[in-house]
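Novice: Here you go, one structure.
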Amino acid sequence: MGVDKETAVLLIFTGGTISMSEDPTNGALRPIDFDRLQEFLPELKNTGIRLKTIPFLPLIDSSDVHPPVWEEIATIIQKNYDEYDGFVVLHGTDTMAYSASALSFMLENLSKPVIFTGAQLPIGMMRSDAKENLLTAIEIATAKENGQAIVPEVCIFFEDTLFRGNRTTKKNAEHFSAFNSYNYPPLAKAGVHIKYFRSYIHYPAAGTKLRVRTHIDQNIAILKIFPGITEQTVNAILHIPDLKAIVLESFGTGNAPRRAWFYNLLKDATERGILIVNKTQCSTGSVEMGRYETSINLVNAGIMSGYDSTTEALVTKLMYLLGEFPSLDDVKHKLSVSMCGEMTVI
Ligand code: ASP
């Protein structure tokens with residue numbers, strides 16, 4: 001392992017706290033110019049790696065990220081794929097797990113690392129976590145063994161841990177350890193050495209080529225149930241014009257109230273061709289429809305299991321599948337299998 005002279009990494013700089021400073025007029029954090037940002041990172045000149053940066057102009061807070069940004073990141077990677085050994089995407093933490101999930105679906109047969117990272121404190125601040133996150137992400141993006149990338153996946157690196165992107169959720173708005181992957185082990189840990197856990201890393205099938213798919217359909221919604229949710233609320237969500245799919249956030253192992261109106265509304269929606277996928281509100285564990293009486297109705301209403309997927313993975317998988325595959329049967333089939341390690345089917 002190690003970095004040779006020919007190694008090249010493309011930094012795609014979208015924005016986020018890593019790139020922000022305080023606005024003197026109101027004290028709010030907002031992205032600064034890309035040129036100023038480079039002043040804070042003299043280390044980048046001495047890595048021995050050929051680094052090129054493509055900044056978004058202007059840099060953005062990740063709360064403003066939407067599907068066209070995913071498309072832009074995917075297209076930049078596609079255009080530069082042959083020229084670089086790996087890609088690092090600097091991105092705000094707020095929606096990083098959505099973007100990493102979306103890219104994991106859009107970049108089919110990926111054989112090079114795409115490592116998302118960012119920071120909880122701006123790069124110009126004394127205690128910022130930015131440099132460590134960025135420099136380690138670059139090292140991971142270049143790590144090879146026998147000429148092959150060690151982690152050819154879309155990942156999130158934060159603090160000291162490398163996660164599979166589509167298994168990750170932002171868990172903390174305060175600590176440097178901002179992310180977790182509740183249902184899948186880390187892919188690497190960074191201490192004095194970076195330790196890779198190869199048996200958990202996904203490798204593309206031999207002989208496959210990168211295929212980038214960028215069509216997204218945003219006609220989906222999340223229906224999070226709670227004790228006391230009303231018929232009017234559920235009815236309104238299930239009748240959103242042009243709605244094609246719902247992530248149903250249920251209780252425990254995928255349970256929901258057994259009221260007749262609730263069942264009838266869900267059944268009517270699936271009969272109208274709306275896809276409904278069951279996702280537990282718990283962070284850890286899986287949907288197991290049929291385990292309790294309170295989920296048997298959901299099976300009868302034609303609802304599919306999201307098993308142990310994150311909400312971020314389900315939202316982006318649905319948008320991607322509905323955008324790319326016109327046949328409802330194709331979409332249903334792909335939803336029921338793990339496409340790139342995003343869920344464990346039980
Ligand atoms: N609001 C910021 C963003 O997501 C937070 C961060 O980067 O940590 O862009």
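The values are calculated or read from the model by the stated rules, or taken from the named source; none is laboratory data. The model shown is predicted, which means the values in this text are computed figures rather than measured ones. Heads up, the Cβs are rebuilt from the backbone with ideal geometry, glycines too, and the neighbour counts pull from every protein chain shown. Just the protein is used for accessible areas: all its heavy atoms, side chains included, with ligands, DNA and RNA removed. Shrake-Rupley method; radii C 1.70, N 1.55, O 1.52, S 1.80 Å.
Novice: Can you report the number of residues in region 84-117 which are open to solvent by 10 Å² or more (accessible area, probe 1.4 Å) and either aromatic (Phe, Trp, Tyr) or more than 11 Å from the ligand (Cβ to nearest atom) (or both)?
Specialist: Residues flagged as open to solvent by 10 Å² or more (accessible area, probe 1.4 Å) and either aromatic (Phe, Trp, Tyr) or more than 11 Å from the ligand (Cβ to nearest atom) (or both) within region 84-117 amount to 8.
Novice: Next up: Note down all Cβ pairs under 6 Å where the first residue falls in region 13-41 and is within 18 Å of GLU132 (Cβ to Cβ) and within 9 Å of the ligand (Cβ to nearest atom), the second is of a type outside the set (A, V, I, L, M) and modelled with pLDDT under 85, and they're at least six residues apart or on different chains.
Specialist: SER19/PRO31; MET20/ARG30; MET20/PRO31
Novice: Sticking with this one: Go through region 167-208 and report how many residues are surrounded by 11 or more Cβ atoms within 10 Å (Cβ to Cβ) and either outside any loop (DSSP other than H, G, I, E, B) or basic (Lys, Arg) (or both).
Specialist: Filtering region 167-208 down to residues surrounded by 11 or more Cβ atoms within 10 Å (Cβ to Cβ) leaves 167-172, 176-190, 194-198, 200-204, 208.
So of that shortlist, the ones also either outside any loop (DSSP other than H, G, I, E, B) or basic (Lys, Arg) (or both) come out as 167, 169-171, 179-180, 188-190, 194-196, 198, 200.
The total comes to 14.
Novice: Right, something else. Exactly one condition in (1) in contact with a strand residue (DSSP E or B) (Cβ under 8 Å, 6 or more places away or on another chain); (2) within 19 Å of ASP242 (Cβ to Cβ); (3) open to solvent by less than 10 Å² (accessible area, probe 1.4 Å) is not met by ALA301; state its number.
Specialist: (2)
Novice: What residue, among those in region 229-287 that are farther than 17 Å from LEU328 by Cβ and of a type in the set (Lys, Arg), is surrounded by the most Cβ atoms within 10 Å (Cβ to Cβ)?
Specialist: Within region 229-287, the match that is surrounded by the most Cβ atoms within 10 Å (Cβ to Cβ) is LYS279.
Listed here are the residues, each with its yes/no results for (1) under 24 Å from THR316 (Cα atoms); (2) in contact with a strand residue (DSSP E or B) (Cβ under 8 Å, 6 or more places away or on another chain); (3) polar (S, T, N, Q).
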site: LEU44; (1), (2), (3): no, yes, no
site: ARG50; (1), (2), (3): no, yes, no
site: LEU57; (1), (2), (3): no, no, no
site: ASP64; (1), (2), (3): yes, no, no
site: ILE76; (1), (2), (3): yes, yes, no
site: THR93; (1), (2), (3): yes, yes, yes
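Novice: Which residue pairs have Cβ atoms closer than 7 Å, lie 6 or more positions apart in sequence or on different chains, and pair a first residue in region 49-68 that is more than 9 Å from the ligand (Cβ to nearest atom) with a second residue that is part of a loop (DSSP other than H, G, I, E, B) and open to solvent by less than 40 Å² (accessible area, probe 1.4 Å)?
Specialist: ILE49/THR7; ARG50/THR7
Novice: Any residue at all in region 103-116 that is outside any helix (DSSP H, G or I), under 19 Å from TYR320 (Cα atoms), out of contact with any helix residue (DSSP H, G or I) (no Cβ under 9 Å at 6 or more places or on another chain) and not charged (D, E, K, R)?
Specialist: Yes, region 103-116 contains a residue that is outside any helix (DSSP H, G or I), under 19 Å from TYR320 (Cα atoms), out of contact with any helix residue (DSSP H, G or I) (no Cβ under 9 Å at 6 or more places or on another chain) and not charged (D, E, K, R).
Novice: Among residues belonging to region 135-166 that are within 21 Å of ASN109 (Cα to Cα), open to solvent by 50 Å² or more (accessible area, probe 1.4 Å) and not polar (S, T, N, Q), point out the one that is modelled with the lowest pLDDT.
Specialist: GLY147
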